[in-house]
1. Identify the single condition in (1) among the hydroxyl-bearing types (Ser, Thr, Tyr); (2) more than 25 Å from residue 285 (Cβ to Cβ); (3) in contact with a helix residue (DSSP H, G or I) (Cβ under 6 Å, 6 or more places away or on another chain) that residue 358 does not satisfy, given that it satisfies every other one.
2. Out of 282, 288, which single residue is under 21 Å from residue 242 (Cβ atoms), in contact with an Asp or Glu (Cβ under 9 Å, 6 or more places away or on another chain) and crowded, with 22+ Cβ neighbours inside 10 Å?
3. Does any residue in segment 243-262 that is in the same structural domain as residue 197 (by TED's automatic domain parsing) come within less than 7 Å, Cβ to Cβ, of a residue that is of a type in the set (Phe, Trp, Tyr) six or more places away or on a different chain, and which pairs are these?
4. Looking only at segment 108-138, which residues are without any contact (Cβ under 8 Å) to a residue 12 or more places away in the chain and either touching a His at 6+ places or on another chain (Cβ under 7 Å) or not in a loop (DSSP other than H, G, I, E, B) (or both)?
5. Here are some conditions: (1) basic (Lys, Arg); (2) part of a loop (DSSP other than H, G, I, E, B); (3) over 27 Å from residue 237 (Cβ atoms). Residue 102 meets all but one. Which one does it not meet?
6. Return yes when residue 400 is more than 30 Å from residue 121 (Cα to Cα) and without any contact (Cβ under 8 Å) to a residue 12 or more places away in the chain and no when it is not.
7. Picking from 239, 213, 233, which residue would you name as being touching a strand residue (DSSP E or B) at 6+ places or on another chain (Cβ under 9 Å) and within 26 Å of residue 365 (Cα to Cα)?
8. Does residue 306 meet the test of being within 16 Å of the ligand (Cβ to nearest atom) and in the same structural domain as residue 188 (by TED's automatic domain parsing)?
Amino acid sequence: MRVVLADLKGQNGVVSKDTIAGGYGSRFRGISWTTRVVERMRKLYRNLPSIQLGYLAAIFAQAGHEVYVTDNKWIPGDLALVLTSIVDFRHEIQWAEEARRRYGMQVGFFGTFATHVPEVLAGHGDFIIKGEPEHAALRLARGEILKGPIVSSTIQDLDSLPFPRWDLVYRRRFGHEVIHSLFSMRSVFPLLSSRSCPEFCTYCPHRITAVYRARSPQNVLEEIEQICRQYGRVFLVFRDPLFTEERDRSMAIAEGIIRKNLPVRFECETRLDSLDKELVDLLYRAGLRALTFGVESVDPNTLKRVGRRPIPPEHQKDIISYCSKKGIMTVGFYVIGFLTDTIESIQATIDYSIDLNSTMALFKILTPYPGTPLRKRMESLITETDLEKFDGYTPTFKHPNLTHEQLLFMLTTAYSRFYIRPSWGWNYLGLPNCFARWVQRWDAYAQRRQREIEMAYFTSQEPKASS
Ligand code: SF4
């Protein structure tokens with residue numbers, strides 16, 4: 001059988017799919033000059049193949065089928081599987097319908113969007129896979145014909161899966177995920193050493209499709225060895241939402257990389273409270289060069305209301321500054337527009353992001369994704385009817401304290417305040433700190449200018465006194 005796997009290039013703005021926003025994907029569109037600069041940087045850095053396609057390619061190839069991967073073109077075949085996203089599903093539907101019309105192929109949809117919003121895709125393909133797609137792929141590879149919505153059971157033993165087949169996945173200029181890989185000219189590969197997350201953040205789509213499971217360190221190391229054998233020096237991006245959830249397991253992976261002298265550098269995402277200096281040291285020796293983590297809000301009460309365990313600020317600062325000293329890039333994620341947020345609380349979160357001084361910061365607007373517990377609570381507040389607008393950067397609900405325009409203004413302000421600081425560019429480029437006093441003065445000037453812009457905006461919003 002000829003199998004076509006479609007991970008379509010998103011349209012309009014920087015579209016990321018696969019495991020971004022728990023698989024719903026995001027679309028980043030510059031709404032001010034600072035956000036446009038960040039958009040360009042993200043285009044440069046974010047250019048990775050889909051880990052899900054890597055697994056599906058391996059399953060079909062192992063069963064003796066021919067596998068083709070496309071990001072745009074229609075390729076003739078017997079079966080096509082289309083990775084879906086909330087931000088670009090119309091384009092994905094259009095592609096699926098054309099594939100059926102041109103070649104009479106069986107077409108199925110998979111991914112988080114297909115799992116939690118299958119009704120939108122119904123009638124546009126032959127079947128819709130609900131759940132992680134590997135079990136359904138195993139059935140298809142055995143020759144089963146699937147029809148309508150089908151539940152793909154969760155694979156409990158992740159070690160039983162074959163390793164992703166990157167040689168079969170279209171090499172879409174295998175990305176430059178972070179600056180380290182750009183300078184060291186390493187090919188970049190995604191890797192999943194665990195799936196889902198055992199935490200309870202009610203806004204998070206990472207945990208809604210299946211329960212947390214982890215691969216054994218031996219199995220992960222075998223995959224890394226295989227990638228190194230095929231591609232030499234590589235940069236790995238662990239796509240696990242919580243790479244260091246099990247300390248012993250992440251230590252065993254790091255120790256294995258060191259012991260086997262594998263030529264890798266890597267990035268991982270985790271919670272900062274699952275890191276300590278000893279673990280950071282070990283991960284660094286194994287090749288850790290970039291760390292991403294959620295901070296979300298400075299206010300512990302806001303976090304508790306959305307089921308997120310707050311992390312003491314001193315610990316966050318300590319780990320971030322320790323990583324910076326070691327040369328590990330740090331990227332913090334923040335959410336603007338929690339239901340308890342006010343202008344002042346958002347300003348405090350932006351101030352906190354600057355105080356934490358991570359290498360980069362990404363701010364998003366609270367998005368009630370389908371299938372999350374938060375979505376159920378917010379149902380009556382949702383104003384947006386176009387699902388593609390649930391992109392992480394568009395206001396989609398009536399906020400108790402802020403208008404849509406104010407939310408967008410605060411999003412722009414967050415990017416401006418964080419990135420316009422001369423000290424940010426100075427540190428990012430690693431320039432000498434003998435000019436620290438001058439840079440601090442420029443910082444103070446830039447912050448003053450930004451505050452004037454904010455004041456002018458909020459003054460213009462105040463109701464005019466009647467004459
Ligand atoms: S820690 Fe919370 S936000 Fe992060 S992946 Fe887990 S559930 Fe999601």
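1. (2) is the only condition that residue 358 fails.
2. Numbers: 282 fails: crowded, with 22+ Cβ neighbours inside 10 Å.
Every option except 288 fails the conditions.
3. From segment 243-262, the pairs are 250/243.
4. Taking segment 108-138 and keeping what is without any contact (Cβ under 8 Å) to a residue 12 or more places away in the chain, we get 119, 123.
Across segment 108-138, the qualifying residue is only 119.
5. Just one mismatch for residue 102, condition (2).
6. On the way: more than 30 Å from residue 121 (Cα to Cα): yes; without any contact (Cβ under 8 Å) to a residue 12 or more places away in the chain: no.
It is false that residue 400 is more than 30 Å from residue 121 (Cα to Cα) and without any contact (Cβ under 8 Å) to a residue 12 or more places away in the chain.
7. Numbers: 213 fails: within 26 Å of residue 365 (Cα to Cα); 233 fails: within 26 Å of residue 365 (Cα to Cα).
Answer to the check: 239.
8. Working: within 16 Å of the ligand (Cβ to nearest atom): yes; in the same structural domain as residue 188 (by TED's automatic domain parsing): yes.
Judged against the criteria, residue 306 is a match.
The values are calculated or read from the model by the stated rules, or taken from the named source; none is laboratory data. Source: prediction; values computed, not measured. Cβ coordinates were reconstructed from backbone atoms using ideal geometry, including for glycine residues, and neighbour counts include every protein chain displayed.
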